[in-house]
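Below is one structure, written out as structure tokens; comments come after it.
The values are calculated or read from the model by the stated rules, or taken from the named source; none is laboratory data. Quick caveat: nothing in here was measured; it's all calculated off a predicted structure. Here the Cβ positions follow ideal geometry from the backbone for every residue, glycine too, while neighbour counts run over all protein chains shown. We work out accessible area using only protein heavy atoms, side chains counted, and drop any ligands, DNA or RNA first. Shrake-Rupley method; radii C 1.70, N 1.55, O 1.52, S 1.80 Å.
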Amino acid sequence: MQARQYPPDTGPYANLNEEEKKKRLDTMVRIWQSDTERRIERDGYRSFIMAAGLDEYRYSVWMRFPEWERSAVVGQVVTLRRSQSGAPEDPALFSIWRRDPLLKTMPDWKARLPKENVFNIMVRITPGGLGEGVKWATVMPKEMIPRYKPAWPTQQEWVAWTHSFDWLSLAVMFIRAMLDAL
């Protein structure tokens, strides 16, 4: 069996030193957290909850993979928590980046999206309970679909490609980090 070659860092920031890449990843986290908070305020809780899939799933984990640091992923966990008033509608947001050895087994998304500098995917998860198993789904973020249509594969190719990587394992690590931070 031949080992898959790990994709190299590419793009204008690929040759930055580790400290500069870390600063860029930290900045991505802050900007993404802020943008999502503003989106909740703009769209309203109900609309945001439905758009994030929290009307059906317990966690929505959004992940971004930058081309210039292929060993890192920036993740944002969105879930619901009880507000101080007792209403269950308040979304909880947690954004962080991490390096993960699992990424070395990921298919090279640049082969499908050569002109993109970040790949985005969302994993929606409902923990198993009461005798039920875990339910989960991978989703391309809705606002990204129009950007990816010209270069992205057919729906059948998308499903086959998303099944070629363990997105669930990567997403669960972000949920654990969020729970540890609470």
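Hey, got the dipole for the range 30-122? About the Cα centre, +1 on K and R Cβ, -1 on D and E Cβ, debye to the nearest 20? List each step's numbers first, then the result.
Working: 16 positive and 13 negative charges, 55 e Å.
Approximately 260 debye in magnitude.
Annotation: per residue accessible area for the range 1-71 equals 64 Å², rounded to a whole number [probe 1.4 Å, protein chains only].
Express in % the proportion of alpha carbon pairs of the range 56-123 at distances exceeding 19 Å. The calculated P(r) of the range 56-123 puts 44 percent of pairs beyond 19 Å. A cut-off under 14 angstrom between Cβ atoms defines the neighbours of Asp100, and their net charge, with Lys, Arg +1 and Asp, Glu -1, is +4.
Counting only residues at least eight positions apart within a chain, or on another chain, the aspartates and glutamates with an alpha carbon under 13 Å from that of Lys23 are Glu69.
Longer than 26 Å from Cα to Cα, which of Lys21/Lys104; Lys22/Lys110; Lys22/Lys135 are they? Say none if no pair is.
Details: Lys21/Lys104 18 Å; Lys22/Lys110 21 Å; Lys22/Lys135 34 Å.
Over 26 Å Cα-Cα: Lys22/Lys135.
Here the 3J(HN,Hα) profile of the range 157-164, calculated from phi with Karplus coefficients 6.51, -1.76 and 1.60 at θ = phi - 60°, is 5, 4, 4, 4, 5, 5, 7, 8 Hz, Gly and Pro shown as x. Summarising the overall dimensions of the range 1-106 from its C-alpha atoms, the Rg and Dmax are 17.0, 57 angstrom.
So what is the diffusion coefficient of the range 17-77 in µm² per second by Stokes-Einstein at 4 °C and 1.567 mPa s, using a Kirkwood Rh over Cα pairs?
On the way: Rh = 13.0 Å.
Once the numbers are plugged in, D ends up at 100 µm²/s.
Under 5 Å from the amide H of Arg58 lie the amide H atoms of Ile125, Thr126, each residue being 5 or more positions distant or on a separate chain, with H modelled from the backbone and absent for Pro and chain starts.
Residue-wise HN-Hα couplings along the range 15-30, as the Karplus relation 6.51 cos²θ - 1.76 cosθ + 1.60 with θ = phi - 60° gives them from phi, are 9, 5, 6, 4, 5, 5, 5, 4, 4, 5, 5, 4, 5, 4, 4, 4 Hz; Gly and Pro carry x.
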